[in-house]
Each structure stands twice: as C-alpha cells, then as structure tokens.
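A short worksheet on the structure shown next.
None of the figures in this text is laboratory data; all of them are computed from the coordinates on show. Here the structure is a predicted model, which means the values were calculated and not measured. When we count neighbours, we look across all protein chains shown, and the Cβ atoms used for this are built from the backbone with ideal geometry, even at glycine.
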Amino acid sequence: MRRRWSLAVPLVVSLMAGCRRDGAPGPIVASGTVEWTEVEVAPLAAGRVARVLVEEGARVRMGDTLAVLEQPALDAALQQSEARVAASRAQLAELEAGARAAELARAEADLRAASAEATRAASDSARLAPLAEAGTVSRQVLDAARATARVAAARRDAAAATLRLLRAGPRRERVRAAGAELAGARAVASGTEATARDLTLLAPVDGTVLVRAAEPGEIIPAGMPAITLGEPRRPWVRVYVAQTDVPRLRVGAAAEVRADGQARAVPGRVVSIRDRAEFTPRVALTEEERADLMFGVKVAIADTTGALRAGLPVTVTFPATAAP
C-alpha cells in the first residue's frame, strides 16, 4: 500500500487579498478543486490476477477483498511445507517421549536370548578343550566352538548396549537437532503462507475505487499498483497564493472552505506551503495575474462526511487573523 497526493492541478479561479477600512490586510481568498487522498494498493508478491472484485466508483470498507492473485506452484509449496512440519513434529515427539514399553520389552528379551546363547557357547567351548587335549576331538572342532562362543558373546554385548541406550533415552544433541529441524520447517511454512496472503489485496481504508489497473489474466509484479482508492473522509484542496501574501500564512493556519451552493463553510487547516514559487496556472483571468509568481498552499478539509466530492470547485478563505 502506498499513499500519494493527486497530481491534478486545481483550478484557480480567483485570488485576492482585501484591505479593510482601517488599513489592516483583509482575508486571502482563493479557489481550487477538492481532491481526495489517494491510496495505491499493490501486491507484495508477483502473480497472475485471478479475480478483481471491484469496479471503479465502488465504495469499499477497510478489510474488503479487492483482488486475488495466484501463483501456480504455490499450492504445492504449501502442501510440502505443511508435510515437512508434520514430519519434524512427529520426530521430535518420538525423541522426547523416549523408548516405548514394547521396545524395552523386546530389547530385554533379545538380551536374555543373547546371554543364554553366549553362556551355552562358552560352556561348549570349555567342555571341548580337555577333549581336544586328549585327542578325543579334533583341534578344528575346538576352534569352531571357540569362534561360536566369541560371536555369541559379541551379540550379547550388543544387545546389552542397545538396552542401555533405550533406558537412557535419546541424547540431548539429537533432541536439540530435531527441535531445530522443526523450527526451520515452521519458518518455511510461515513464509509460504505469508506469500499466499500477500496475493490477496485488501482495502487498507474505507474509500472509493478511483482506478482499477488490473484485469484477470494479467501478470503483475510486486509493488505495481493494482487498485487506487480515494479517501472521501480526507479531502484537501491546493490553492495558489501570491508571493506578497505568503508571509501571512503558516502551516497550521485556519481556513474556511465553501463549495458553491453551500450555506455553511467547512473548516480547514494549512498543512503545507511549497518552498518554490511558480507562475499562476494558465487559467488565470488577467495578464497581471499571469505575471505574478504564486506559491502552492495545501489545505486539509475537516469534512468526515464524504460530502465533498473530488473535483468539486470550492472557495478557500484565509481569515486576516490566520497568520501570527
């Protein structure tokens, strides 16, 4: 979203600084046209326009959906990121829960079986040793029995180590690594979801659609204005004041704004005075006026009803007491 002031130059119909009978300077009077503060709504991510839900001239409320963009690969990316989060969460939960009772029971049974096998193999090897010395059995039979005993002992030790690890639970390093993996998966998912949200253009303010610059099927880059809104409750007018009268004005000075046919003036306030002088616009009435250098003065109008439409001619009066 980007706010900007309208570049339309208001129509300056007249400008005069009167003089009261006592010689004091009179009010400054100038004419211009009402403008609305404009808000450009642009996507934060590039995409193809799927739908535009408003027409020019439509009134919208803050939060209303103006347009929806799409990215063909975004749905797949969302599914992948959600699946990765689910898998990482399950892995972390498994590590934090430790070994289940069934796993412990199986490991204990494996250790008992391996221990029994190691005991039997060691007993066979011990029984065959004297027989081999006496020549009752061959040396090869004894060597085979001893090898079997060593293998059985190694299996018993491995089963015991497995049971110890299960009882001790996962190492803290593995738990931390799984937690980091889950955090990374969530960050990726969050970024993908944010991109999806950025493809939906919402009205940032209450206003009226002034420009519809995007149509379905168009591909627009990030930051390109798709919809321009005007804020009718933030009207303003720019008038041009002669250089001789500028010293009488200041930012914050009061003004009165009156539209044709209105019985009551609407209060206004000077919000900016241009530093650089410029010639009176070419619509000035007399040659003398065209020769004068003028300064642009922007006046914010205190009308929150939205009754002052953009382009409406108004007369702005700066009272003689407006300046210090």
Distance in nm between pseudo-label sites at ALA254 and ASP275 (7 Å out along the Cβ direction from Cα): 3.0 nm
Sorted by Cβ neighbour density within 10 Å, fewest at the top, the residues ILE220, ILE301: ILE220, ILE301
For VAL211, distant residues with modelled amide H under 5 Å away: THR228
Positive-end extreme of charge dipole, the range 144-268 - chosen from PRO225, ALA160, THR244 (charges on Cβ): ALA160
Label-point separation, ALA180 to ALA161 (7 Å along Cα→Cβ), nm: 2.6 nm
Additional length obtainable on full extension of the chain from ARG89 to ASP75, 0.36 nm per residue less Cα span: 2.9 nm
Whole-Å distance, taken between Cα centres, linking the range 190-242 and the range 35-57: 4 Å
³J(HN,Hα), Karplus 6.51/-1.76/1.60, whole Hz, each residue of the range 208-221, x for Gly, Pro: 10, 6, 8, 9, 10, 9, 10, 10, x, x, 6, 9, 10, x
Percentage, to the nearest whole number, of Cα pairs in the range 181-254 over 17 Å apart: 69 percent
Per DSSP, loop trypsin sites (Lys or Arg not before Pro) in the range 30-138 with at most 14 further Cβ within 10 Å: ARG61, ARG100
Exposure proxy order (Cβ contacts within 10 Å, fewest to most) of ASP75, ASP245: ASP75, ASP245
Rounded D (µm²/s) - the range 99-232, Kirkwood Rh over Cα pairs, Stokes-Einstein at 37 °C, 0.692 mPa s: 147 µm²/s
3J(HN,Hα) from dihedral phi, the range 129-138, Karplus parametrisation 6.51/-1.76/1.60, rounded to Hz, x for glycine, proline: 4, x, 5, 5, 5, 7, x, 6, 10, 6
